[in-house]
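Structure first, commentary second.
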């Protein structure tokens with residue numbers, strides 16, 4: 001039974017029965033949770049419950065563009081002396097800040113297309129991570145910790161743990177899209193020697 005709206009005594013089809021694909025190219029339907037129908041500004045009263053569908057209209061050009069332009073996936077890595085805390089797509093993982101942990105981290109990140117790692121400058125503890133990312137050809141950005149902290153405080157985030165910092169670095173990457181840090185050239189010999 002399809003729920004109906006009663007408006008001025010006449011039965012009208014519910015908004016969920018409208019199919020914009022018939023009128024506007026392709027659309028993506030996203031069901032919302034079951035909600036009671038509420039009276040709207042036209043003084044229509046609803047009967048019963050129904051599932052509302054929200055349609056997002058996309059032109060064929062938009063769909064083509066979305067399929068051809070790669071979407072960058074940002075991964076935040078909080079670097080400590082002994083550990084690396086990874087936040088990737090809503091999940092957390094911890095690796096050791098040694099060669100074995102870096103190999104595991106690189107293997108996990110290589111499985112994700114268009115990955116971009118964001119970490120903070122931590123007084124040298126990040127060097128092994130940055131070097132491993134460059135060797136694995138994974139873009140990495142070393143950011144100023146003060147800028148990341150200011151961005152977190154602007155969002156009302158006051159707590160500071162490794163897990164929270166990794167999530168904040170992911171969010172920072174998504175919001176500000178930092179440029180990848182270029183690899184450091186090998187140590188140059190002094191020209192006067």
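The values are calculated or read from the model by the stated rules, or taken from the named source; none is laboratory data. If you're wondering where the values come from, they're calculated on a predicted model, not measured in any experiment. Don't worry about glycine lacking a Cβ; one is built from the backbone with ideal geometry, like all the others, and counts go over all protein chains shown.
Inside the range 146-188, can you point out the residues that are in a loop (DSSP other than H, G, I, E, B) and closer than 19 Å to residue 86 by Cα?
Restricting attention to the range 146-188, the residues satisfying the condition of being in a loop (DSSP other than H, G, I, E, B) are 155-161, 177-188.
Passing the criteria: 157, 159, 160, 161, 177, 178, 180, 181.
Could you list, in sequence order, the residues of the range 67-80 that are over 18 Å from residue 180 (Cα atoms) and at pLDDT 95 or above?
Of the residues in the range 67-80, the ones over 18 Å from residue 180 (Cα atoms) are 67-69, 80.
If the condition is that a residue be over 18 Å from residue 180 (Cα atoms) and at pLDDT 95 or above, then 80 is the only one that fits.
Please determine, by comparing only the residues of the range 81-138 that are part of a loop (DSSP other than H, G, I, E, B) and touching a helix residue (DSSP H, G or I) at 6+ places or on another chain (Cβ under 7 Å), which one is farthest from residue 177 (Cα to Cα).
Going residue by residue through the range 81-138, those that are part of a loop (DSSP other than H, G, I, E, B) are 81-82, 89-90, 97-98, 111-114, 121-126, 136-138.
After this cut, where a residue has to be touching a helix residue (DSSP H, G or I) at 6+ places or on another chain (Cβ under 7 Å) as well, the list is 97, 121, 136, 138.
On the way: 97: 25, 121: 17, 136: 20, 138: 15 Å.
Among residues in the range 81-138 that are part of a loop (DSSP other than H, G, I, E, B) and touching a helix residue (DSSP H, G or I) at 6+ places or on another chain (Cβ under 7 Å), the one farthest from residue 177 (Cα to Cα) is 97.
Let's see how each residue does on (1) under 18 Å from the mean Cα position of the chain (by Cα); (2) at pLDDT below 95:
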{"position": "138", "(1), (2)": "yes, no"}
{"position": "142", "(1), (2)": "no, no"}
{"position": "156", "(1), (2)": "no, yes"}
{"position": "176", "(1), (2)": "yes, no"}
{"position": "187", "(1), (2)": "no, yes"}
{"position": "191", "(1), (2)": "no, yes"}
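Report, by residue number, each residue of the range 104-134 that is out of contact with any strand residue (DSSP E or B) (no Cβ under 9 Å at 6 or more places or on another chain) and over 22 Å from residue 145 (Cβ atoms).
If the condition is that a residue be out of contact with any strand residue (DSSP E or B) (no Cβ under 9 Å at 6 or more places or on another chain) and over 22 Å from residue 145 (Cβ atoms), then 106, 107, 110, 111 are the ones that fit.
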